[in-house]
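Nothing in this text is a laboratory measurement; each read-out follows from the coordinates by a stated rule. Keep in mind the model is a prediction, meaning the values are calculated, not measured. No Cβ is skipped: glycine too gets one built from the backbone with ideal geometry, and neighbour counts run over all protein chains shown.
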Amino acid sequence: MPDAASAPTLAPLGPLTPRLDVLAAGDHRTVFLNGHLIARFACGDRGTERVVVTQLAEVLPLTDRAIATAFDLHPVTLSRFRGQLHHGGAAALMPRRTGPKGPSKMTARLAARCRQLRLEGRSVRDIAARVSRPGRTLSHVTVAALFKAGPPAAEPTPQPLALEPASVEAPTVTAPTVPPTVGITELRTSRYAGAFLLCAALARLDLWGVFRRLAATVGPARQYGWAQTVAAIVWGFALRFQSIEDLKNVLRADLGVLLGTAQAPTVLALRQKIQALVESVDPAAVSRALFQRYLALEPVWEGFYYVDGHFCSYYGQHPTPKGWNPKRRLAIPGHTDVYIHDARGRALFFFSQPLNDSLGRAIPTAVAEIRQAHGPGPFTLVFDRGGFSADAFRFLNAEGIGFITYLKGRKARRRFPAERFQPGWFAFEGQRHVYRLFAKQTRVGRAGTIRTIVFLGDEDQQIPVLTNLQGAKPAKVIHCLRLRWRQENSFKFLTAHYAIDQIIQYGADPETQDRRVLNPKRKTLKEEIRRVTQDIQTLEAQLGRALEANDERRRPTARGVKIAHGRLRRTIAQRQQILARLEHRLRRTPGQIDAAAVGKTRSLLREDRRLVVNALKLAAHNAERLSALRFNQYYRSSKDVFSVFRALLHLPGDVRLTDGNRLEVCLQRPDSPKIAHALEALLGDLNQDQPRLLGDGPILHLTLSSVNMDGPVVEPPLSEF
């Protein structure tokens, strides 16, 4: 029998840390402790969740942070719940009703009276004034909340008890008369009903058809499909919400009317839908399809396309490529988007240049994209000095494409005599434009001789312009180039109103393309050579001063001087040997090496979502432009038509589904009679197009309320209320 002293002894076990897991399955959340089920409650049951989390915090040897993290709570929130439990028990943890605690002033009779007045076309303020009486005042906010809540729920009809079991028949399923994407069944009020004015323009752009042909999807969806996702982005930026995150300030019930749903999606849900939408379509294909639609609706004037880059700054942590910021006049991190406009300043297409290449290198890509939409016919590119490149000129000449740009690198002091400039004119958009011109030829290195037209600017400066259009009038060439400022104004408008500079998504990927950079060793060697050269020059200067100050009575010969300053001469010789070795190393050191070898790799921002969202921003902008020009046919004031129409998008109104497939939209009448009459004529014009909600939804019928045209109506007080 073995000795008891030699028997192995077990080490004492320390306390085991419990493992807490909270899983969400369906509509319930399940709590496991060390793998054992201890609680299950509905996801929306906040009271039970608070009781469970506080009880676990009281008995488990876990920190508040660990328990709060498992339940997706903040530790401070858990600490507050525990304090409420200690002072008031479990009853203090139950969620309380927010807002007024007393009985509501809106009785059933008042609600019925308000709904009756609403059917007569009264505004919410008018209804509140009519049903109010001394001692009981209803605000228009309370009346508006009544209509947002929807119709009253119908009371269930009592059914007689069956004495004998009856045979159960299968219910008869009838096909719905309303498309499943529309959730409007009763009268609803929307603060953003004026945005329905864009439906006709969006239908002409075939926005929904583009995504449908590209097989867009957001995955399984019960309420928000790809059409609602696209509409939420378009309506959001058309209503001047500056970002996706800014939609948290939207009235979700009111925006849901535009989407045909009870409420608009939250920012978190919308971001998830955008991610799924982008994964199902090619961002470039979306922009190309919309580009073709823009040209089909309104052809480009004489085939003049304006190409320019728009730089978007980046201030994040990723080492992105640097580009030239013209506003700050600095090279800072960011990315460049190349936009294509027409002579009217209409934004047609854009593509990304993540490496911030020059505009000259982007011209072949722009030509390829224009070819797909424009067709085989001739066209002309107009760009600024950023595209000045002999390679680009040779490429455009070989492709048979015209170009107009400024001459780059000309000295300002070089001027031509004033008598050489002759007047020339060109008529555009009903106005004659006169210029003083001088035509000549300029030889550009590696591009040959190019036609040059010099014109006098507003301050008599001589501005040379290059073009390969041999048969075009000089005044036409100059005026078409000066129209490029419409593109700059478009950039300013899109940046201010549609936020095209935004990143939209986070994250970056390392650059995969091999890139060579300047060898930093050459820089170090050049600095060493410069320092050694300066030392040699200093020592040689000392030797020269010693020779000048030599006492010839003591050292009458040069040999004596050399012997006297032998140490200084040896130091100079040593420095010269070091300089020779450094110059030899510099000659053998390569000028460029791989960027990865010196740790200068760059990151490229992820931009698939940004490309799709920006394409939708351009679609919303073009739809607004088409609608505003259509409105101007009746408004007839080009100076402020865009600002006036932009305000009309925020008109409130009532929306009601009638006749099964007809959506009645009644907009509030503007106070200005001129705007109201023009809007009423526009609505009659839009109704002839029979636009549909989200492309294939119910037909929209837009009308204008006559509330503001009615005079004051005096009614006796409602004694029954």
(request) Report, to the nearest 10°, how far helix 75-88 tilts away from the longest principal axis of the Cα atoms in the chain, using its own Cα long axis and a range of 0 to 90°. (result) 30
(message) Using a 7 Å offset from the Cα along the Cα-to-Cβ direction at both Ala42 and His86, what is the distance between the two label points in nm, to one decimal?
(response) 3.2
(message) As a footprinting exposure proxy, order His28, His341 by other Cβ within 10 Å, with the fewest listed first.
(response) His28, His341
(request) Neighbouring Cβ atoms within 10 Å as the yardstick, rank Tyr314, Tyr306 fewest first. (result) Tyr314, Tyr306
(request) Match the structure shown to one of the listed values [x] 34.3, 119; [y] 38.1, 148; [z] 29.3, 95 of Rg and Dmax of the Cα atoms in Å, computed from it, and give that label. (result) [y]
(message) Suppose R0 equals 25 Å. What FRET efficiency, 1/(1 + (r/R0)^6) with r the Cβ-Cβ distance, do Asp659 and Glu120 give to the nearest 0.05?
(response) 0.80
(request) Please check the chain for the longest run free of GluC sites (Glu not before Pro) that are loop-located per DSSP (anything but H, G, I, E, B) and have at most 15 other Cβ atoms within 10 Å. (result) 187-428
(request) Any chance you could run the full-extension gain for Ala573 through Asp27? It's 0.36 nm times the residue separation minus the Cα-Cα distance, nm to one decimal. (result) 187.8 nm
(request) Would you give the gap between the C-alpha center of segment 381-446 and the C-alpha center of segment 332-355, rounded to a whole Å? (result) 23
(message) Counting only helical runs of four or more DSSP H residues, what would the 222 nm mean residue ellipticity of the chain come to if each run contributes -39,500 (n - 2.57) and the total is spread over all its residues?
(response) -12500 deg cm²/dmol
(message) On C-alpha positions alone, give me the angle between the axis of helix 108-119 and the longest principal axis of the chain, in degrees, nearest 10.
(response) 60
(message) Just to confirm my numbers, what's the Cα centroid distance between segment 13-63 and segment 481-560 in Å?
(response) 63
(message) I want to check the label-to-label distance for Thr217 and Thr589. Put each point 7 Å from Cα in the C-beta direction and report it in nm to one decimal.
(response) 5.8
